[in-house]
1. If I filter the stretch B:79-91 for residues that are more than 12 Å from chain A (Cβ to nearest Cβ) and either farther than 16 Å from B:S127 by Cα or away from the ligand (no atom under 16 Å from the Cβ) (or both), do I get at least one hit?
2. Determine, yes or no, whether B:T43 is polar (S, T, N, Q) and either more than 21 Å from B:A20 (Cβ to Cβ) or more than 13 Å from the ligand (Cβ to nearest atom) (or both).
3. Can you name the number of the only condition in (1) of a type in the set (A, V, I, L, M); (2) more than 14 Å from every other protein chain (Cβ to nearest Cβ); (3) in a loop (DSSP other than H, G, I, E, B) that A:V115 fails?
4. I'd like to check which helices (runs of 4 or more DSSP H) are fully inside the stretch A:252-328 and have at least 1 residues that are within 14 Å of chain B (Cβ to nearest Cβ).
5. Go through (1) under 20 Å from the mean Cα position of the chain (by Cα); (2) not in a strand (DSSP E or B) one by one and return the number of the condition A:G30 breaks.
6. Considering (1) away from every other protein chain (no Cβ under 13 Å); (2) crowded, with 18+ Cβ neighbours inside 10 Å; (3) of a type outside the set (A, V, I, L, M, F, W, C); (4) more than 18 Å from the chain's Cα centre (by Cα), say which one A:T166 fails and leave the rest.
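Laboratory data are not the source of any read-out in this text; all were calculated from the coordinates shown. Quick caveat, the model's predicted, so the values are computed rather than measured. Cβ sites come from the backbone with ideal geometry, for glycine too, and all protein chains shown count toward neighbours.
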Amino acid sequence: MSNGRDPVIVGVADSALADGKFVKNASVLGHMALVAKAALEEAGLSLSDVDGLLTAGMWGVPGPGQLPTVSLGEYLGIMPIFVDGTNIGGSAFEAHVAHAAMALEKGYCEVALIVYGSDQRSLRSRNLGGRPSVLGMQHETPYGMPTPVGGYAMAAKRHMHEYGTTSEHLAEIAVATRKWAQLNPAATRRDDLSIDDVMNSGMISEPLHLLDCCLVTDGAGAIVMTTAERAKDLKSKPISVKGYGEAHTHWTVSEMPDLAHLLPAKQAGKTAMEMAGVSHSDIDVVQIYDSFTITVLLSLEALGFCKPGEGGPFVSNQNTAPGGAFPMNTSGGGLSALHPGMFGIFLLIEAARQLRGECGERQVSGAKTALVHGTGGTLSSGATVILQKD
Amino acid sequence: MSYDKPLPVIDHDSRPYWDAAREGRLDIPLCNDCGKHHFYPRTVCPHCHSDDLKFDTISGRGTVHSFTIARRPAGPAFGDDVPYVVALIDLEEGPRMMSRIETDTPESVQIDAAVEVTFVKATDEVSLPFFRLSA
Ligand SMILES: [Zn+2]
């Protein structure tokens, strides 16, 4: 676009945690309001400037969370004219960036706020809706399917069967991600971690061990988007949204088209990279949803960073760790930094900070282009965003 | 002893399937237009989107597509079952379904293993189709 309406990110913020719990006392909506204010403040904007509101979450259900943008808009005291409550799981926020970008390009809103919050750790309420045994779930829940880990475990098992991928390969991802967390003072888990530690961490749902699984923490995050034209008058350095894509295939894992190949990631990644006009060699830093180690491995293959089946060798020898050839999940990811139920917004926040050059010890030097890819549900959905600094 | 695990919430799409399971049959939808079976039961064929469907009694034979051995239960109701095998079964007729593999030796389950259905009574209304490794 050349009319000044190219979408940009002008503010990001996340809440402080200690031992995975919110430091401040506030309701889940209060935490979202606080990070929204902080993200807007980066740009010199305020809540009264917000006319686009996008959120997804698991709070207040049943009840106000059933209409999340409506309840959040009320709490914030604003009347948005563009809203999006798309919920495709943890990848929802990558889709929100896409949808906000389209609304901004179209002139449907001027300042879009994407926000998420969860106090699941403080409430000790890790609960993905309970997966009641209705509709498609009546054919899964009665069998004692561990959710969500069971579906990821079945995908891992299948990938191992087809390609010879090993538990050690998966552990490489957990270990590399921990090394990034050790460079991030805000990360929840920063103690040393070895491949053996992961292998000996206890089997949860074979072949996935405890340390193949993401953390369970609180967390709130916010992103502010506007147009390139509007950003000229703002005080933060804008990060351009160059491309985006999304897709989903199934809810019940028995309906997943191919357990060893992540079709939504393949589709979303292709759409986003073509829109941005970038190739894999243009990407300086990647943030890939790590609900489980296998999620990352399948995503890397589907996004085309390596060939199908070569994810194991690709992540070997700590290729994705600090100092490796492929800097990935530089905050410490969902495996070691935080994972408040839905993690996708934090991938975007870290990518924006890397492109701004704000990441201190973990800064990827010269990072100009970032790929962010979220996965939601049980490998159900994928959404990709390409970010660039000008 | 009462059954304390989650039971299917049976609906109009799935009623004939669960009725058959109670009687020891595996009945799944067959499309009169494209000739393909599907699972789970829907009112519209997911292959060709026809609504001309009937329930068909199938063989109950299949192979293991993938599986997991649950070392932690999916909630306290399944605590006594641990370790147990949840599997995706590729039915001989084409569709894939989730089930449990009944076995005393979870480590003996392998991808591609041949399995056959067996029905496990939960309540007077519900029997669950589980699978066993074929002899
Ligand atoms: Zn059909």
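1. Taking the stretch B:79-91 and keeping what is more than 12 Å from chain A (Cβ to nearest Cβ), we get none.
No, that holds for no residue.
2. Spelling it out, it is not the case that B:T43 is polar (S, T, N, Q) and either more than 21 Å from B:A20 (Cβ to Cβ) or more than 13 Å from the ligand (Cβ to nearest atom) (or both).
3. So the condition that A:V115 fails would be (3).
4. Details: elements: A:263-276, A:293-302, A:311-315.
The qualifying helices (runs of 4 or more DSSP H) are A:293-302.
5. (1)
6. It fails just one condition, (2).
Here is a yes/no grid of residues against (1) assigned to a loop (DSSP other than H, G, I, E, B); (2) in contact with a helix residue (DSSP H, G or I) (Cβ under 7 Å, 6 or more places away or on another chain); (3) away from chain B (no Cβ under 13 Å):
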| residue | (1), (2), (3) |
| --- | --- |
| A:E74 | no, no, yes |
| A:F93 | no, yes, yes |
| A:V97 | no, yes, yes |
| A:A100 | no, no, yes |
| A:A103 | no, no, yes |
| A:Q138 | no, no, no |
| A:A156 | no, yes, no |
| A:H161 | no, no, no |
